[in-house]
Amino acid sequence: MKLSSAFVALAACVVGANAQACSSYVVRKEIRSLTPTEWSRTARVVNLLQQSGWFAWYAYLHTANFEIIHGCEIFFPFHRRFLRDFEKVGQQYDPQFFLPYWDEMRDYANPAASTVLSPNYIGTNGKGNDHCVQDGNVANWKMTYPNSHCLRRQYNNGSKINSWYSPEYVQSMLSRSANMAQLRPAIEYSIHGSVHLALGGDMIMDWSPNDFAFWLHHANMDRLWFVWQMQNPAQNFWNIAGVDAKGNPLNLRSTLPYFNDQIVSTMQLGYVDMCFFYDNGSTVTNRKRSLPNKRDEKKCIPRPAAVIPPLNNGVFDNVNDLPIPSDTYVKDTIVASLPSDILNKWFPTYTNLPATGQNGTDYSNVPPAPLDDADYSSSSVSAESSSVYASGSSSEDSEYSDVDDSIDSESSDFPINGDYSAIAVPTDDGSGILNENESTEGDYSQSYQMFDVDENPDAYGIDGSGPKYPMPNPFPMSAQWVKMHHLSPDVVREHYSQATEFVTDMNSAGYQSPFAKGVTDNSSSPDNSSGSASASVEDDASSADVASNTDTVAA
């Protein structure tokens, strides 16, 4: 999709004299809010991309760059650029194509019951010994990368999926993160990894872009980054504090692996090549519009507020019916429901920052990018040649190898025909996993209990108090996932400890999550869940063993 050469004067005041505003853009919607026509278009284009070899290409590209796009602050800008590239290729097949996102947080209590994971959308759990997906828009897909196999999924709890992270906790992470070096691990080590591991199969491998679920999932991760950017624009919008995979400080002029674009080119939706918005902030209210006359201008009125389904005993009967993102909805319920000490502890910005508007993305409070006026659509400035934009804590365990130099950045302009010899593929001998000398000290293990009934009986309705549907603990990461991503076990444990402490505090405060009804067999009392839900997450063999030729676990 070509961009107009015209400049938008007001937009230039925000991002710099040579920032180019998109002449047109698409609005990414939550997949369940698509009209039948929109979903039909999406499914058709996605299948054309699969047939043309594009899913194999992006799986290859992700694998080739895997070790330098995870575990460091390149994570968000790279994946935003990666998703936009996929979306642009889809628009070559249909100019109206856009990449939907999956608001997975609303499904956190019982993910397998999500309508998204149904034959009506992206299909269910894999079937048979090979765990092949046999329904949905990806039914019976034959993948060619890294070898010939069916598209696989293998849920992490048999036919069910263990609970993952709630919209409340995701909002807490957004509120508590003061810079990218805090936001990135908070998201990457929680909802990001949790969904990959929950679906299993191809989704836990380096080549996870084989599954269309990857694209929906990462579109939501990108949306959360944008929500964070807009929650406090003066602090967050241009913040890229952190390091790359080698430990080099990042700044807005740092370049993205493979694409060689500068990070700044990904930072503002609606500009340069980021010609999209999200439906919880879908238009730029301070951009000039090309309206032919005053009569047409009068037709531009705000969209009425969406109708929210009523709650029943404090919860939604059907979480699939929510017309706005779950993280947006809980922001209001949290402020109204929590005592000040809990609110200040977990949501420190809620009392002094306005909520993001739902009828537009107002860039009027966004400061100019801290750049000179040089054209940042190219990569003339290296990461090492300019100073860090904002200081912050460095990323953990950032010893990675370089990107495969044999990959040509121009080769994504056309589908390729299965020649992936340039990249080594992990095999069942574990060669794709770091050896003991390369890995961080110690192995990751984490016990799991869905409800801490024994430790906090009052918080779980045992004596008639507490929420009717208590919030479950999220399922932790696996040992193999932590090792494959070169992560510090201690850091991952600390993030998980914060998540379970959050759950305890919310339940103890009597907070009723509107999305918690989906907890299986727990509508009246969690008594019988505490023992059966206990587990030790060390090897996660049931999730990892998806094929005889692939044992390494990635995301």
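Considering only alpha-carbon pairs that sit under 8 angstrom and 6 or more positions apart, the relative contact order computed for the range 49-166 is 21 percent.
Surface composition of the range 55-107: carbon plus sulfur atoms hold 44% of the accessible area, using a 1.4 angstrom probe and ignoring ligands, DNA and RNA. If you sort the three axes of the alpha carbon gyration tensor as a ≥ b ≥ c, you get a/c of 1.5 or more for the range 180-278 and a/b above b/c, which makes it prolate. Assuming 0.36 nm per residue, please report the length gained on full extension of the stretch residue 40 to residue 306 beyond their Cα-Cα distance. Length gained, residue 40 through residue 306: 93.4 nm. Does the range 34-79 come out rounded, prolate or oblate, given a ≥ b ≥ c as the square roots of the eigenvalues of its C-alpha gyration tensor, rounded meaning a/c under 1.5 and, failing that, prolate meaning a/b above b/c? The shape class here is oblate. Heavy atoms of the protein chains alone define the surface here; on that basis the range 90-209 has 25 Å² accessible area per residue at 1.4 Å probe size. Which of rounded, prolate or oblate describes the range 48-196 when judged by the alpha-carbon gyration tensor and an a/c cut-off of 1.5? Judged from the Cα gyration tensor, the range 48-196 comes out oblate (a/c at least 1.5, b/c at or above a/b). Placing a pseudo-label 7 Å from each Cα along the Cα-to-Cβ vector at residue 332 and residue 120 gives an inter-label distance of 2.5 nm. Each label point was placed 7 Å from the Cα along the Cα-to-Cβ direction; for residue 260 and residue 234 their separation is 4.0 nm.
Taking all protein chains as they are arranged and a probe of 1.4 Å, the heavy atoms of residue 335 leave approximately 70 Å² accessible to solvent. For the range 190-240, which whole percent of the accessible surface, found with a 1.4 angstrom probe, sits on carbon and sulfur atoms? Carbon with sulfur: 47 percent of the solvent-accessible area.
Extending 7 Å from the Cα toward the beta-carbon at both residue 23 and residue 139 defines two label points whose distance is 4.1 nm. Note on residue 29: accessible area is roughly 60 Å² with a 1.4 Å probe, heavy atoms of protein only. The solvent-accessible area of residue 471, taken with every protein chain present and a 1.4 Å probe, is close to 10 Å². Here the alpha carbons of the range 142-195 define both size measures, Rg and Dmax, at 15.9, 44 Å.
Here's how it looks for residue 278: its modeled amide H is under 5 Å from those of 28, which are all 5 or more places away or on a different chain.
The values are calculated or read from the model by the stated rules, or taken from the named source; none is laboratory data. Being a predicted model, the structure only gives us computed values, none of them experimental. Backbone-built Cβ (ideal geometry, glycine too); neighbour counts: all protein chains shown. The area values use the complete protein model at the heavy-atom level, side chains included, leaving out ligands, DNA and RNA. Shrake-Rupley method; radii C 1.70, N 1.55, O 1.52, S 1.80 Å.
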